[in-house]
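Here's the structure, in structure tokens; my notes come after.
Quick note: the coordinates plus some simple rules give every number you see, no bench work behind them. The structure presented is a predicted model; accordingly, all values stated were derived computationally and were not measured. Please note: Cβ atoms are built from the backbone with ideal geometry, for glycine as well, and neighbour counts cover all protein chains shown.
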């Protein structure tokens, strides 16, 4: 175990199963384009049978963020639940191979390790169908107090609130972090996730230090369709808020001031899966390194740009080298 960690991420441990489809497939399968929908095991098996050739890649939002942080050279740790099955073994191998500390004890019995079927359309939009499986087995007992205390930032995945026990685990981790004087960050994860847990997320905004959201998520949180109004409102509650705007870049809101971040130049967009996860990785890396907020945003955009240039939500190149070659920060 390291003497300390830059960032501890906590989230749903999921293996992604990615495939390319057209809009007609989405209509046939009755899928809501661009959304993440929770499905049961039966629906999961049905959709898997409908899929054509697919690629299996370890994923999960917070796990992707941890892998991105490690690729930058940060000391990252992860907490998430898998089953002691084939997909669980794949997940454990992949995240450790990425350089992330991961010691959560796997469950021995069903439900199986979670999987997320990612349907990528020609416009690079992804539609997610997620079977949470073992993720719902994450318990407060899985939160290792010593790891939280040694982590500068504890980053929570909003999707965890879909499981009452996992939400309890997040509350305990927040308590440990605050008692240790460390920071807590939250990702809103998905507009539909926000709808399911709006009241608690609004309450959390006054307790956390850093909030990550895209435009749809932040407006859903405050049920307002004017982004400027939402920014004014959230800026009074949470010290640091990052709002991603897709191709328009992102906004960093700090104590009421707004910094505009341009998107990174990308030659070709292949798959937007994990763009927000890697954006968070880049931004958090900048924070723990003590870089100015504008540079943090630029590093975040760089990481997001890398991830959307290929299939899958884990970096295909070392982000540390990409950052060095970018000239965003000087040696």
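Brief remarks on what is shown
- All Cα pairs of region 4-98, percent lying beyond 18 Å: 54
- Ordered by the count of other Cβ atoms within 10 Å of each Cβ, fewest first, 193, 289, 135 give 289, 193, 135.
- Intensity falloff of region 238-326 expressed as log10 I(q)/I(0), Debye formula with alpha-carbon point scatterers, at q = 0.21, 0.25 Å⁻¹: -0.96, -1.30
- Between the C-alpha center of region 276-331 and that of region 39-86 there is a gap of 21 Å.
- Among beta bridges that DSSP assigns inside the chain, antiparallel share in %, nearest 5: 40
- For q = 0.09 Å⁻¹, Debye-computed log10 I/I(0) when each Cα of the chain counts as one equal scatterer: -0.41
- Taking all Cα pairs closer than 8 Å and separated by 6 or more residues, the relative contact order of region 153-210 comes to 42 percent.
- Over region 206-279, the alpha carbon radius of gyration divided by the compact-protein estimate 2.2 N^0.38 Å works out to 1.13.
- Residue order, fewest to most beta carbons within 10 Å, for 69, 323: 323, 69
- In percent, rounded to a whole number, the relative contact order of the chain is 18, using alpha-carbon pairs under 8 Å and six or more apart.
- Our summary gives region 179-247 a relative contact order of 35 percent, counting only alpha carbon pairs under 8 angstrom and 6 or more residues apart.
- Directionally averaged projected area (region 131-246, Cα convex hull): 7.4 nm².
- Sorting 267, 126 by the number of Cβ atoms found within 10 Å of their own Cβ, with the fewest placed first, yields 267, 126.
- When each of the peptides 275-288, 39-52, 303-316 is scored by the mean number of other C-beta atoms lying within 10 Å of its residues, the order from highest to lowest reads 275-288, 303-316, 39-52.
- The base-10 log of I(q)/I(0) for region 38-165, evaluated at q = 0.10, 0.15, 0.22 Å⁻¹, reads -0.34, -0.76, -1.49 [Debye formula, identical scatterers on Cα atoms, solvent excluded].
- With Rh defined as the Kirkwood radius, the inverse of the mean 1/r over Cα pairs, the Rg/Rh of region 125-177 is 1.05.
- Whole-Å distance, taken between Cα centres, linking region 88-137 and region 201-264: 28
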